[in-house]
Every structure is written in structure tokens, then in C-alpha cells.
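The values are calculated or read from the model by the stated rules, or taken from the named source; none is laboratory data. This one's a predicted model, so the numbers in the text were calculated from it and none came from an experiment. Every residue, glycine among them, receives a Cβ derived from its backbone with ideal geometry; neighbour counts consider all protein chains shown.
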């Protein structure tokens, strides 16, 4: 996968993670207190940290899932596996990754998985 594209997607994932954390801080006093109790860091550092168990307890289910998917995508970037379908190992099209930067599967495998889970 093109290194510039991966760098662009890593930046987009970090930004999305920061936005989720910022939104949670503004909406949830418990989460804001948890973040403020951390060592002094800027928001980017907080967003770059792995989300610990106590933080996940505060999150909504949807935000928690998105953060786990974002963390997983960032991990795949570090491991050189970003953009590869976890089911068939084929390359996920860049257009799909631009739409869903934390996509785990190609469109075919995702569609098949959704049909099976209905």
C-alpha cells in the first residue's frame, strides 16, 4: 500500500480518535475527570495512548467500538497490515478506507459477513 496514503490515513484515524475523546470530555464529567487525572499531556498524546479498561467503562457502546476499531487500525499500520482484509487477505480498496478508515474487511467479505449475521 502506498506509504503516503497510509500516512494520510494514520493522521485521519488519530484525528477521529481525538475528536471522540474531545466530544466525550465535553459531554461526560466522569470522562473529563479521568482524562484530567492523567499525566499532563496534550490531547494528541492522550488520543495516541491505548484506551484502558477504566476509560472504556465511561464510553458509550458506539464510541467504545469505534475507538477499539481505530486502535486496531493504528496497530495494523504499525505492523504493516493496514489495508488488508482480515478474512481473505486481499487489499481493501483505498476508496473504502477513505470512507471507513478502520475497515477490517473488503466489501465482499463485509457483505458476506453481514448476510450471515442476519
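Between 10, 114, 57, which is surrounded by fewer than 17 Cβ atoms within 10 Å (Cβ to Cβ) and either touching a strand residue (DSSP E or B) at 6+ places or on another chain (Cβ under 7 Å) or modelled with pLDDT of 95 or more (or both)?
Answer to the selection: 10.
When only residues in the range 76-93 that are surrounded by 15 or more Cβ atoms within 10 Å (Cβ to Cβ) and touching a helix residue (DSSP H, G or I) at 6+ places or on another chain (Cβ under 7 Å) count, which is farthest from residue 9 (Cα to Cα)?
Per the stated criteria, the residue is 85.
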